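> Just passing along the structure, written as structure tokens.
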Amino acid sequence: MHETGGAATHLHGDVDVVANVVEELILETRKRDLLEGVEFSREMLLAQPFVRGPHWDTVWEQIVNPVTGRPRQPVIVIVAPRSYGSTTFALRLLAEHTADDTATVQLDADWDTPRQGRLPLEKAHAYQLDLKHPENDQVSAEFLNALSKHASHLRNCRSYLVLTVAQGLWTDHRLSDRDGIQVVHLREAPHAQRVVEAHLTAYGYDQLVTSLRSFPKATTSLRGLTAVAAVRAAHTVVMAWKEHSHTSSQQSLVQVDGEGETQVTLEERIIAALTDWRGELDGRFGETNSLHTHDNPSLTVEDRCLLLALAVQQSAPMPVVTRSAAALLEAIGDTPDAPGAAPGISPALGALAGRGMRRRIQDVGGRVGMQDTVVFDRPAYGRAVLEYVWDNYDVMRKPLLTWLVTTAQNSDPEDHAVAALAELTVRHGTVEYLTTLGELVGSSQPKVLGAVLESAVRNEHVGRLAWEALYGWAEQKSYAPAVIALCRRILEDSSVATSLAKRAMVRLRRVAHKNTDATVVSQVLAAFDDLVQHPTVAQRLVGEVHGWQQGKVSARSGSLAFLALMAVHHDGTPWLVCTPPTEIDVQQAVHDLLSSADTAAEVISRLTDWICSCAGDPSAYTQLRDQLLPALRGHNMFEAGMKLMNELRGISTAEGVSVADDFYNHLVDSRLHTVFPLEENIA
């Protein structure tokens, strides 16, 4: 018996018949292109920090049947403003109120519009799915109607589906409860300070909870934060504590000239990290001055660039800071001769007439040591400066992104500029932002763009938008290197979620399919060659070849995947020779690649490597030769066969027989040897 809209309904008929119908339905569903997801252990979900206030308690009670302890309906739709914690709410509810043998799976909505046919169906599964993409997750009445039918199948499988929908996407007046579907609304975020404390306690920072409670200015800063902002604040508090511990554990490497600086306390550091700096920055970025004056906090344009350079670099040698500030000034198209210099004065005289760099650094809040090392130990303030400029100066956004990219020393996520770009991307990753970032960075610094977007695609809030941008970029030659770089980083991570790996593979496939440029194609092959050494990726490449041979995916991607698989060896023998996967027709793949002018040279090179590795083992060589001969026969294969035999010159079997002659004798009828002598054709 199941509760449906308050009315009791019964399953009638033979139980075995119902079970058979369910099994057939599951098998039929598996044949479709279904959404993939990540399974979470119940223990892990229950161990996560979780805070429920009175409002959340009320919504929780609406969903759960107090008698059975299970959700009242197989499909629950939770509508909430973004960043209120609806995903956490949904996963925790499923962990607490489904049977112990129920698998909890978070699905990845990799679609262009919600479709019931893409939803998986298995016995004893609890699925959670975020619908928050502004364009691809628009919920319609038709989708809910189809979902109502799907609800009956979920019920028969003892399974559940919880959709967490962004409030802005729940606009159609026809959206409401259906048979088997319950709609609830989360209208409040949990108490921010309790969320921060729960996260600190969960990750072993109990002492910080005590400290935080004793800092009233810090706790005041937490009021009104959303759930996502509260979690971020917890990380900020930990970061401030680590920065404080690091500073306290060692004497400053920079001895500041005559400056009696007192050490910043933990309280001051945490308050600074949580403070809304916009009031102070309103003064720093007030009416612009052409000259610096001590009675006016508003900075000159040059000093604003210097402050931004310090915000990104923090502590660094003075020449590095100087060059960085100058580069930003140039990026925004304003390069006066020298800060504060009068018009018409030469650059040298103008520089001498202005304030020295040491004084300018002091004026914007930094310090300078004896070794000309700038100390700006204010990471929270630095982040606030970047945010302030981004929010208040729309025209500065493109120059700021360009400058950060050119400032990056490498593509390491720990690089200050890369980290700053990543943080901006996660916080402001709209479609417009990602488009601008791609236009500015894609072709000039593909590895930097790949590193920046890696943090974005792994982020639950902007990940979908980032993957969407990458899908569009994959077909453009200028963006292809960045897409390849990112997808490689994702696929190289053995712990990455299946859904992310699938998305990366789809975009690599699209790069191969949409680009005919030889350089781009070789970059995809190079990526496949490196990735094939990872067993999980090798299996994905096997699937790529299978899809190509079944006519379901790009021929170019499938052929490149096969070429990469040719490089895999087990115990010194080519994998595709000794134990080829059952999904791949090796002979057909070799034949197809040899018959194509685009791939013949590459496959001949790899076939030569195969034969070299087997030539010393009579049994292995004979097996390989007999496998290759059928692929070398047929229409348009003569030229490719002769080129292969040319490459085989100089290779001999264990018995001392020329491999080139051996293949020639097996491929060319003896009556034609005088017509097509091997020596003449391969000269």
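Quick note: the coordinates plus some simple rules give every number you see, no bench work behind them. Small disclaimer: the values here were computed from a predicted structure and weren't measured. Every residue, glycine among them, receives a Cβ derived from its backbone with ideal geometry; neighbour counts consider all protein chains shown.
> Along the charge dipole of the chain, pointing to its positive end and built from +1/-1 on Cβ of Lys, Arg, Asp and Glu, which listed residue (V67, A526, A417) has its Cα farthest out?
Working it through, the farthest residue towards the positive pole turns out to be V67.
> A follow-up question, please. Please get the size of the charge dipole for the chain, origin at its Cα centre, with Cβ charges of +1 on Lys and Arg and -1 on Asp and Glu, quoted in debye to the nearest 20.
The dipole magnitude comes to about 1260 debye.
> Additional query: What does the charge dipole of the range 566-681 about its Cα centre add up to, to the nearest 20 debye, if the Cβ of each Lys and Arg holds +1 and the Cβ of each Asp and Glu holds -1?
140 debye
> For Cα Rg over 2.2 N^0.38 Å, the choices are (1) 1.01; (2) 1.89; (3) 1.21; which was calculated from the structure?
The value computed from this structure is option (3).
> Dipole of the range 484-595, Cα-centred, from +1 at each Lys and Arg C-beta and -1 at each Asp and Glu C-beta, to the nearest 20 debye?
580 debye
> Could you calculate the contour length gain from H55 to T29, that is, 0.36 nm times the residue separation minus the distance between their Cα atoms, to one decimal place in nm?
Contour length minus Cα-Cα distance gives 5.6 nm.
> Please find the FRET efficiency linking D626 to Y471, where r is the Cβ-Cβ separation and R0 is fixed at 51 Å, and quote it to the nearest 0.05.
That pair, D626 with Y471, gives E of 0.75.
> If you find the alpha carbon centre of the range 404-458 and of the range 78-100, how far apart are they in angstrom?
Centre-to-centre distance over Cα atoms comes out at 31 Å.
> Testing the spin-label approximation: label points 7 Å from Cα along Cα→Cβ at T113 and D412. State their distance in nm.
Taking the two extended label points, one gets 4.8 nm.
> Follow-up. Ordered by packing density, taken as the mean number of other Cβ atoms within 10 Å over each peptide's residues, highest first, how do 547-553, 382-388 rank?
Ranked from most to least packed, the peptides come out as 382-388, 547-553.
> Please say if the range 2-190 is rounded, prolate or oblate, where rounded means a/c under 1.5 for a ≥ b ≥ c the square roots of the C-alpha gyration tensor eigenvalues, and otherwise the choice is prolate for a/b larger than b/c and oblate otherwise?
In terms of gyration-tensor shape, rounded.
> Further, regarding this structure: Can you list the lysines whose alpha carbon is less than 24 Å from that of K132, not counting same-chain residues fewer than 8 positions off?
The qualifying lysines are K149, K502.
> Cα gyration tensor of the range 566-681, axes a ≥ b ≥ c as square roots of the eigenvalues: rounded (a/c below 1.5), prolate (a/b > b/c) or oblate?
Here the range 566-681 falls in the oblate category.
> Oh, and also: Would you please state which residues of the range 468-510 a label at A526 would reach in this model, taking the label point 7 Å out along Cα→Cβ and a backbone N cut-off of under 20 Å?
Under cut-off, by backbone N: 474-493, 505, 507-510.
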